[in-house]
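The structure appears right after this line, and notes come after that.
Bear in mind that the values in this text are calculations on the coordinates, not laboratory data. Note that the structure is predicted; figures quoted are calculated from it, not measured. Cβ: placed from backbone, ideal geometry, glycine included. Neighbour counts: every protein chain shown.
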Amino acid sequence: MTSFKLYYTPTSCGAANFLAASIGGLTFDSETVDLPTHKTKSGADFYAINPKGNVPTIVFADGSILNENVATLTFLADQGNAGLAPKEGTPERYAYLNDVAFVASELHTGVGALFNPTLSPEAREGAVANALRRIEKLMVRLDGGKKSFLNGKSLSAADLYAYIVLSWTGFLGITLPANAQAYFDGIKANEHVQKGHAAMAALQ
Ligand SMILES: N[C@@H](CCC(=O)N[C@@H](CS)C(=O)NCC(=O)O)C(=O)O
């Protein structure tokens, strides 16, 4: 197995990567980052590790990094043993990439935009409506809530990512539609997800 170190925070999108690595049974080094100051827990300048300053960041033994969720989650899923991404070259693989790219480009950006403290009340209203539209699109993929997982069968790295993004609505005071809340609750209650959270909590 490739050795690597994961930089993350317990509530950001980086957490989905910790869960994917942990659920996949990977042995890995990790460190949390304080995003407002861009300092790692041990006090290092995070910009010196990743010039973009964002988590997730995976640093490999040769010093190279990955720091986009589509790539990091897929790498972790492929390295692990939990079937969090389908095999390369299969139709299921492209469907998985379609899901993880949707979460990154639409769901994450739509919900994440609400953390901007400079939004005027009008702009915030528009941003909430936009985030809810993107959550609705997620629910279309989940057949309105009939499916418990994006691929209709089993937990994938795309579900872990969507789950973490949906968790932000709690901090933001946004009420999820009932079907999205049920999807979120189902992923949260998943035994593998629970174990992943416990492994993360043990490190804090
Ligand atoms: N383009 C990246 C964005 C990742 C991202 O937005 N990370 C956030 C946490 S959820 C972050 O690190 N924000 C702090 C910063 O960018 O300085 C991706 O899609 O993976």
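Kindly provide the helix-only [θ] at 222 nm of the chain, computed as the sum of -39,500 (n - 2.57) over DSSP H runs of four or more divided by all residues, to the nearest 500 deg cm²/dmol?
-15500 deg cm²/dmol
Quick check: from the Cα gyration tensor, does the range 91-190 come out rounded (a/c under 1.5), prolate or oblate?
Prolate.
Residue separation times 0.36 nm, minus the C-alpha to C-alpha distance between SER105 and ASP34: what's the value?
My answer for the length gained is 23.2 nm.
For the chain, rounded, prolate or oblate, judged on the Cα gyration tensor with a ≥ b ≥ c (square roots of eigenvalues), a/c < 1.5 rounded, else prolate if a/b > b/c?
Judged from the Cα gyration tensor, the chain comes out oblate (a/c at least 1.5, b/c at or above a/b).
Please list 3J(HN,Hα) in residue order for the range 135-146, calculated via the Karplus relation 6.51 cos²θ - 1.76 cosθ + 1.60 where θ = phi - 60°; whole Hz, with x for glycine and proline.
5, 4, 5, 4, 5, 5, 4, 8, 6, x, x, 6
What list do you get for ARG124, ARG134 if you sort them by fewest beta carbons within 10 Å?
Sorted ascending by nearby Cβ count, the order is ARG124, ARG134.
Ranked highest first by average number of other Cβ atoms within 10 Å, how do 105-112, 140-147, 156-163, 19-26 line up?
For the peptides 105-112, 140-147, 156-163, 19-26, the packing ranking is 156-163, 19-26, 105-112, 140-147.
Mind listing which trypsin sites (Lys or Arg not before Pro) in the range 26-97 are in a DSSP loop and have 12 or fewer other Cβ atoms within 10 Å?
LYS52, LYS87
Could you list PHE28, PHE75 so that the one with the fewest beta carbons within 10 Å of its beta carbon is first and the one with the most is last?
Ascending Cβ contact count within 10 Å gives the list PHE28, PHE75.
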